[in-house]
Amino acid sequence: MIHGDFTGKYGFKNRIRRGWRITKLGIHVVKADPELIIYVLFSAIMSILSFGAVLTLTGGLGFVIGNDEGFEGGVALGTFLSYFIVSIIVVFWNAAIVASAYERLTTGRNPSFSYGIRQAMKCLPQIFAWGLISGTVGLIVSFFESMASSDNIILKILGSIIAMLIQFAWWMTTFFVIPIIVLEKNGVFESMKESPELFQKTWGENIVASMGTGIINFFVILFIIIICLPLLLLGEIGLALGFIIIVAGITLSSLFFTACDAVNRASMYYYAKTGEEVPLAEKYGLEVW
């Protein structure tokens, strides 16, 4: 027999309902404050530029020192370093958007773009440390994912399973680390300790909101591709135009729903800490608790 509260405030059905309403609230907030998307855009641009710059620098130096072999070694070193640099950049901008979204959700005010940056700057040491830790985990996951290219079928399956388990466990245990760091200004290890405790209070909502955002993003992208299919049949001009629209649409959709995901995380952090709805939910008629 399964025991538990499936009808009350923490019942499974209510968790699903709250998770879906959190998703809708996130969409409303990003639509009202589209500048939140700029945080995500800056994160993507800086990550790409940093990755390219590091690879160019290390690869070029390697070639000067040791020709082709040095170039390959430099690229390998650059890839290794890029994991950490990009991870730190992503953590910084995630912290900025969470801080900005939390301010909007809890006060109703529309914070300036610089507000999130200032809040993230206040905890740079923690962001740097967390970026290094996240980058290390990313390298470990990449190692196991690389086993999928092995000729050994057992290694392929084993690598994929281990990588998936690590990613899922890491997602669950560190879900609230960035909100705790940027909103409470706590240290990294203290945040890592508190995050699983908060996740236990909102596990159902976290899963539903994350899946909800991903599913909506998928259907938006699918819709963009479908409406552009006729253009792809109109010769070279139509093909080029359709391709541009599809790429632009996928990019904008991904940026939008990535911002929504950060807003959702800020909402769930507030709930996990207070057990109450975010004040802004009432404005949109989305009392999620």
Count - residues of region 86-128 that are closer than 19 Å to Val278 by Cα and aromatic (Phe, Trp, Tyr) = 1
ask   = Out of curiosity, is Val247 out of contact with any helix residue (DSSP H, G or I) (no Cβ under 8 Å at 6 or more places or on another chain), without any contact (Cβ under 8 Å) to a residue 40 or more places away in the chain and not charged (D, E, K, R)?
value = yes
Among residues of region 81-127, those that are surrounded by fewer than 16 Cβ atoms within 10 Å (Cβ to Cβ), in contact (Cβ under 8 Å) with a residue 40 or more places away in the chain and in a helix (DSSP H, G or I), counted = 2
task = Please determine, by comparing only the residues of region 222-255 that are among the aliphatic types (A, V, I, L, M) and surrounded by 17 or more Cβ atoms within 10 Å (Cβ to Cβ), which one is nearest to Ile45 (Cα to Cα).
result = Leu255
When residues of region 158-183 are limited to those that are assigned to a helix (DSSP H, G or I), among the hydrophobic types (A, V, I, L, M, F, W, C) and within 15 Å of the chain's Cα centre (by Cα), the one surrounded by the most Cβ atoms within 10 Å (Cβ to Cβ) = Ile178
request  = Would you point out which residue out of Thr258, Thr274 is buried (at least 20 other Cβ atoms within 10 Å of the Cβ), polar (S, T, N, Q) and out of contact with any Ser or Thr (no Cβ under 8 Å at 6 or more places or on another chain)?
outcome  = Thr258
key: Unique residue being among the aliphatic types (A, V, I, L, M), free of Cβ contacts under 8 Å to residues at least 60 places away in the same chain, closer than 27 Å to Arg21 by Cβ and out of contact with any Ser or Thr (no Cβ under 6 Å at 6 or more places or on another chain) when the list is Ile215, Ile226   = Ile215
query = Only one of these conditions is not met by Leu155: (1) surrounded by fewer than 18 Cβ atoms within 10 Å (Cβ to Cβ); (2) within 30 Å of Gly249 (Cβ to Cβ). Which number is it?
reply = (2)
task = Quickly run through region 129-169 and pick out the residues that are at pLDDT below 90, closer than 29 Å to Lys273 by Cα and aromatic (Phe, Trp, Tyr).
result = Phe168
request  = Could you tell me whether any residue of region 192-209 is of a type in the set (S, T, N, Q), part of a helix (DSSP H, G or I) and exposed (fewer than 14 other Cβ atoms within 10 Å of the Cβ)?
outcome  = yes
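The values are calculated or read from the model by the stated rules, or taken from the named source; none is laboratory data. Computed from a prediction, not measured in an experiment: that's the story for all the values here. Glycine gets a Cβ as well: all are built from the backbone with ideal geometry, and neighbour counts include every protein chain shown.
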